[in-house]
Amino acid sequence: MNAANVSEIRSQILDSVEAVVVEHGVRKLTLDAVARHAGLSKSGLLHHFPSKEFLIDALVARTVECWRESMNRTIADQAPGMFPTVRGVISCCLGEATEWNDQLRRTSTALLSVMVHGSGKDTPLHVYYRQLLSQMKEEMKDSAMADLVLAVIDGIWLRWVTHLAPIDADRILLIRELLQELLASQNQQLHHAS
């Protein structure tokens with residue numbers, strides 16, 4: 001079996017982990033359920049992932065890596081100026097409404113479920129979130145403002161994932177514009193202070 005096939009099988013297995021968590025909850029996430037959903041034998045599953053914990057860790061790592069790549073591309077695409085990381089985070093997280101689709105909700109739901117029922121250990125999500133927040137705080141010279149930006153984005157995401165309140169394209173655009181105005185104001189304050 002070549003590396004491409006192994007990668008494809010592992011991805012299929014992780015898609016099955018996600019599906020089992022979304023459809024049945026973390027408590028019903030078993031090796032048997034994942035193997036059945038993936039169309040593999042349990043021993044075939046265990047060849048790639050030796051335990052449920054490895055499955056969950058791999059799912060979190062895959063999701064975070066996908067989000068990290070998207071975030072890094074968006075940050076790199078920012079025009080020169082103040083707060084490129086913060087502007088990139090806003091653009092990436094509150095970008096096109098078409099990106100807020102069923103697949104993102106499914107991935108987000110699975111991630112949230114495993115994080116809530118997790119062991120409390122540091123995951124790639126914890127590490128990446130701290131790195132991103134630290135970078136934003138350093139860039140803005142104002143930790144409260146960086147916290148505010150991420151809290152707004154996190155709140156919108158949580159409302160959307162949990163269906164607490166509808167989030168439509170117009171609302172996302174409005175919130176993005178308000179955060180951008182806040183950044184512009186912060187930028188002006190920094191220029192006046194120096």
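Among residues of segment 124-140 that are outside any helix (DSSP H, G or I), none has a beta-carbon under 8 Å from a residue that is at pLDDT below 95 at least six positions away or on a different chain. Look through segment 130-180, keep the residues that are polar (S, T, N, Q) and over 17 Å from N101 (Cα atoms), and return whichever of them is modelled with the lowest pLDDT. That would be S143. Cβ separations smaller than 9 Å between residues 6+ apart or across chains give the following pairs from segment 168-194 residues that are without any contact (Cβ under 8 Å) to a residue 60 or more places away in the chain to residues that are open to solvent by 50 Å² or more (accessible area, probe 1.4 Å): L182/L148; A184/M82; H191/M82. Which residues, taken from segment 59-90, are farther than 22 Å from M115 by Cα and either surrounded by 19 or more Cβ atoms within 10 Å (Cβ to Cβ) or β-branched (V, I, T) (or both)? Passing the criteria: T74, I75, F83, T85, V86, R87, G88, I90.
Output yes when any residue across segment 94-103 is in contact with a Leu (Cβ under 6 Å, 6 or more places away or on another chain), open to solvent by less than 60 Å² (accessible area, probe 1.4 Å) and at pLDDT 90 or above, and no when none is. No, segment 94-103 has no match at all. With a requirement of 3 or more residues that are within 27 Å of A169 (Cα to Cα) and of a type in the set (S, T, Y), the helices (runs of 4 or more DSSP H) lying completely within segment 1-100 that satisfy it span 52-76. Within segment 144-194, if we keep just the residues that are outside any helix (DSSP H, G or I) and hydroxyl-bearing (S, T, Y), the residue that is most open to solvent (accessible area, probe 1.4 Å) turns out to be S194. The sole residue among S7, S70 that is modelled with pLDDT under 95 and within 28 Å of I153 (Cα to Cα) is S70.
The values are calculated or read from the model by the stated rules, or taken from the named source; none is laboratory data. What you are looking at is a predicted structure, and each value in this text was computed from that prediction instead of being measured. With ideal geometry, Cβ positions are generated from the backbone for all residues, glycine too; neighbour counts draw on all protein chains shown. We work out accessible area using only protein heavy atoms, side chains counted, and drop any ligands, DNA or RNA first. Shrake-Rupley method; radii C 1.70, N 1.55, O 1.52, S 1.80 Å.
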